[in-house]
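Read the structure below first, then the notes.
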Amino acid sequence: MAQGKDQEIAEVRQQLHEEVGRLNRLVEIAEQLNSTLKLDELLSLIMNSAADLLDAETSSLLLLDDETGELTVELATGEPAPAVEKQRVPPGVGIAGWVVENGEPLVVDRPQEDARFYGGIDEKSGFETRNLLAVPLRTKERVIGAVEVINKREGAFAEKDVTLATALANQAATAIDNARLYARLADAVVTSRLSYRF
């Protein structure tokens, strides 16, 4: 009896230790996201953090093209990255399209059986999506894209993964929005200085 209780306590301590580790990593990531306004660096940090934090094989970040409504794979990690980056997904298509349109996270355990799944990227990359978690990138005003975390290394994505991915995506969306605003302001300053000279 006592041995069973001790083992149970040890397992709970281990789970608590892992949760605290993940939360500390999330705080660390948030600090890093707020330390740069360079969009390429931000996107790379976000995607590597997402895969690492959620113990997944790969992840991808898709941003909404305001003019066409398409999603563009801005950055991907892992083996399929070179084949999927800069791929475009038609408006409202795929799991990411659904997430952007509905503004809600989504976990899909068997994507090939889900009518929303867009297999075009798997076909082009030769990669097989076994399960995925997608969360919206939401700024104060709107959804600007989605983060997909693909193929959990052990088991399936759980509610705690959704919570963690949502927190990361919220930080990421704010950082992306700030980086874009900074770039627009920098361009405006340059344009203003050039026009002042003439």
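From GLY69, GLY78, GLY94, which residue is modelled with pLDDT under 90 and on the phi > 0 side of the Ramachandran plot?
One residue alone meets the criteria, GLY78.
Which ones in region 112-138 are among the aliphatic types (A, V, I, L, M) and either open to solvent by less than 20 Å² (accessible area, probe 1.4 Å) or under 15 Å from ASN102 (Cβ atoms) (or both)? Even if it seems obvious, please write down each step before you answer.
Let us first name the residues in region 112-138 that are among the aliphatic types (A, V, I, L, M), namely 115, 121, 132-135, 137.
If the condition is that a residue be among the aliphatic types (A, V, I, L, M) and either open to solvent by less than 20 Å² (accessible area, probe 1.4 Å) or under 15 Å from ASN102 (Cβ atoms) (or both), then ALA115, LEU132, LEU133, ALA134, VAL135, LEU137 are the ones that fit.
When residues of region 151-174 are filtered for being touching a Pro at 6+ places or on another chain (Cβ under 9 Å) and among the aliphatic types (A, V, I, L, M), how many remain?
4
Scan region 88-98 for residues that are more than 12 Å from LEU61 (Cβ to Cβ) and either touching a Gly at 6+ places or on another chain (Cβ under 9 Å) or open to solvent by less than 10 Å² (accessible area, probe 1.4 Å) (or both) and jot them down. Steps first, answer last, please.
Narrowing region 88-98 to residues more than 12 Å from LEU61 (Cβ to Cβ): 88-95, 97-98.
If the condition is that a residue be more than 12 Å from LEU61 (Cβ to Cβ) and either touching a Gly at 6+ places or on another chain (Cβ under 9 Å) or open to solvent by less than 10 Å² (accessible area, probe 1.4 Å) (or both), then VAL89, PRO90, PRO91, GLY92, VAL93, GLY94, ILE95, GLY97, TRP98 are the ones that fit.
Quick one: would you say ALA188 is modelled with pLDDT of 90 or more, open to solvent by 50 Å² or more (accessible area, probe 1.4 Å) and over 15 Å from ALA56 (Cβ atoms)?
Numbers: modelled with pLDDT of 90 or more: no; open to solvent by 50 Å² or more (accessible area, probe 1.4 Å): yes; over 15 Å from ALA56 (Cβ atoms): yes.
No; evaluated as a whole, the condition is false for this residue.
Could you go through region 45-65 and let me know if any residue there is of a type in the set (Asp, Glu), under 17 Å from ASP177 (Cα atoms), modelled with pLDDT of 80 or more and not in a helix (DSSP H, G or I).
First pass over region 45-65, keeping only residues of a type in the set (Asp, Glu): 52, 55, 57, 65.
Filter again for under 17 Å from ASP177 (Cα atoms), leaving 65.
Now drop any that are not modelled with pLDDT of 80 or more, which leaves 65.
Restricting the remaining residues to those that are not in a helix (DSSP H, G or I) gives 65.
Within region 45-65, one or more residues are of a type in the set (Asp, Glu), under 17 Å from ASP177 (Cα atoms), modelled with pLDDT of 80 or more and not in a helix (DSSP H, G or I).
The values are calculated or read from the model by the stated rules, or taken from the named source; none is laboratory data. This one's a predicted model, so the numbers in the text were calculated from it and none came from an experiment. Note that each Cβ is placed from the backbone with ideal geometry, even for glycine, and that neighbours are counted across all protein chains shown. Note: areas computed on protein heavy atoms with side chains; ligands, DNA, RNA excluded. Shrake-Rupley method; radii C 1.70, N 1.55, O 1.52, S 1.80 Å.
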